[in-house]
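First comes the structure, then the notes that go with it.
The values are calculated or read from the model by the stated rules, or taken from the named source; none is laboratory data. These numbers come from a predicted model, not from an experiment. Cβ coordinates were reconstructed from backbone atoms using ideal geometry, including for glycine residues, and neighbour counts include every protein chain displayed. The protein model used for the area step is the full one, side chains on, heavy atoms only, and it has no ligands, DNA or RNA in it. Shrake-Rupley method; radii C 1.70, N 1.55, O 1.52, S 1.80 Å.
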Amino acid sequence: MSTTQPEDDFSGLTSFFFYVFLVHPATAWILRPGRFERKKSIMYAIMFLASLAAVKTGLEWNARGPNHYVTLGVTRESSPLEIKRAYRTRSIQVHPDKNPSPTAAEEFEAVKQAYDVLMDMELHEVYNKFGQEGIDSNKRFDETQFFTELGIFYLTWGMLSFVLTLGKKSGDAFQWTATGLIVMLVVEIALMTSATNPVPSSIFPTLTEYEIIWWLHSLFPAFMNGCRSLGSYLYVDINAQTKQLLVALQEQNKDILLVLRDVQIGVQTVQVNGSGGSSRLAPSTASSTVPSTADIPVSGGTIHRVTPTGKIKELQERLQTSNSNVTAAVNQLKGDGQKSNSLGFYAMIVGYIVISYLFK
């Protein structure tokens, strides 16, 4: 692979801006409440993010070209003798005297370069850990330098993740993103500090440690923005819903108390007058001081006779109306705003660019 470090830095910046300013708004549009059913919205958003990340990363991977193992047609477990045999076969196939392709000279040079690297034990190890860029820059594994660069990279992305997930709605998103960063950090340390590649060669026979880390770094922006979008969409404001429920219950309680007072007044009047309650209740001193719903029609326009039975029926209808309000308060979805008030957001973007080019 012939990609240089500055190109990788530029690719990282491009991915960051691409996912933050293009992909995230598109995902937010898909997840807008009311656009699709809840389950369908989540499924469509995941499919959109996964497909876009796969296509984008796949195109970048193809643009990097084949690695030295693929160029020679060998695996990480191939012996020097097998590498030499593969080189002879491939060099004959791509030699400019026998290969009519206009890029025959470049192909032959790539085969020769792959052979020189894989046959040199020191360069072979550097290539596995740091890629062709490491060989070109004569890079060697230094523990202090490695952990310094590692700290700068993960500290930068950790700060960006924190800023991009500020606010109550993004609490879960930050936890998911931080978990992804920790997993990626552990995997990268394990790959770079192990003597051999821990990835089974039976599954990925030509994949180097450097390429695995490249895949992780390339897919992380997509993962982070997916967490942002889904975290905000799935967030439930318990405090707001509890407040709405308490207000609805309070209104229901007022209705119950009001109707129960009328029922009590009606019962007392019946007892005093000895009437069966078939006629309208006579005014009383208690009713003049206690609010009454005797002359207030219930929903639907029906006016019940002011008897204990009528008041109980009125109470039932009021409870049904209040219960519907309580149910609506419980099932109400969270607000559809996904606006981010991240103070210093653009400052962090500038900071990321500066750090990326200062410590590359």
*Could you run through region 110-136 and say how many residues are open to solvent by 60 Å² or more (accessible area, probe 1.4 Å) and either of a type in the set (K, R) or within 43 Å of the chain's Cα centre (by Cα) (or both)?*
6
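Can you name every one of the helices (runs of 4 or more DSSP H) wholly within region 112-203 that holds 1 or more residues which are of a type in the set (S, T, Y), under 29 Å from G226 (Cα atoms) and modelled with pLDDT under 90? Lay out the reasoning, then the answer.
Values: elements: 121-136, 143-164, 171-193.
By residue number, 143-164, 171-193.
Determine whether region 42-51 contains at least one residue that is over 30 Å from Y235 (Cα atoms) and at pLDDT 85 or above.
Taking region 42-51 and keeping what is over 30 Å from Y235 (Cα atoms), we get none.
Checking region 42-51: not a single residue is over 30 Å from Y235 (Cα atoms) and at pLDDT 85 or above.
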*I92 vs. criteria more than 29 Å from S218 (Cβ to Cβ), of a type in the set (V, I, T) and in a helix (DSSP H, G or I)*: yes
_Test: residue in region 233-255 that is at pLDDT 70 or above, over 44 Å from the mean Cα position of the chain (by Cα) and of a type in the set (S, T, N, Q)_ = no
*List the pairs whose first member sits in region 32-45 and is polar (S, T, N, Q), whose second member is open to solvent by less than 90 Å² (accessible area, probe 1.4 Å) and not in a loop (DSSP other than H, G, I, E, B), and whose Cβ atoms are under 9 Å apart, counting only residues at least 6 apart or on separate chains?*
S41/I30; S41/P33; S41/Y233
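Out of all the residues in region 270-284, is one or more modelled with pLDDT of 70 or more, part of a helix (DSSP H, G or I) and touching a Lys or Arg at 6+ places or on another chain (Cβ under 8 Å)? Before the answer, list the steps.
So in region 270-284, the residues modelled with pLDDT of 70 or more come out as 270-273.
Adding the requirement that they be part of a helix (DSSP H, G or I) leaves 270-273.
Pick out the ones that are also touching a Lys or Arg at 6+ places or on another chain (Cβ under 8 Å) and you get none.
No, region 270-284 contains no residue that is modelled with pLDDT of 70 or more, part of a helix (DSSP H, G or I) and touching a Lys or Arg at 6+ places or on another chain (Cβ under 8 Å).
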*Given (1) open to solvent by less than 70 Å² (accessible area, probe 1.4 Å); (2) closer than 30 Å to H24 by Cα, where does A63 come up short, assuming only one miss?*
(1)
*Name the one entry in E82, E107 that is in a helix (DSSP H, G or I), surrounded by fewer than 16 Cβ atoms within 10 Å (Cβ to Cβ) and not basic (K, R).*
E82
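Just to be sure before I move on: is L245 in a helix (DSSP H, G or I) and surrounded by fewer than 19 Cβ atoms within 10 Å (Cβ to Cβ) in the structure I sent? Break it down into steps so the answer makes sense when it comes.
Values: in a helix (DSSP H, G or I): yes; surrounded by fewer than 19 Cβ atoms within 10 Å (Cβ to Cβ): yes.
The answer is yes for L245.
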*Those residues of region 206-242 which are closer than 27 Å to I30 by Cβ and not in a helix (DSSP H, G or I), in sequence order*: Y235, V236, D237
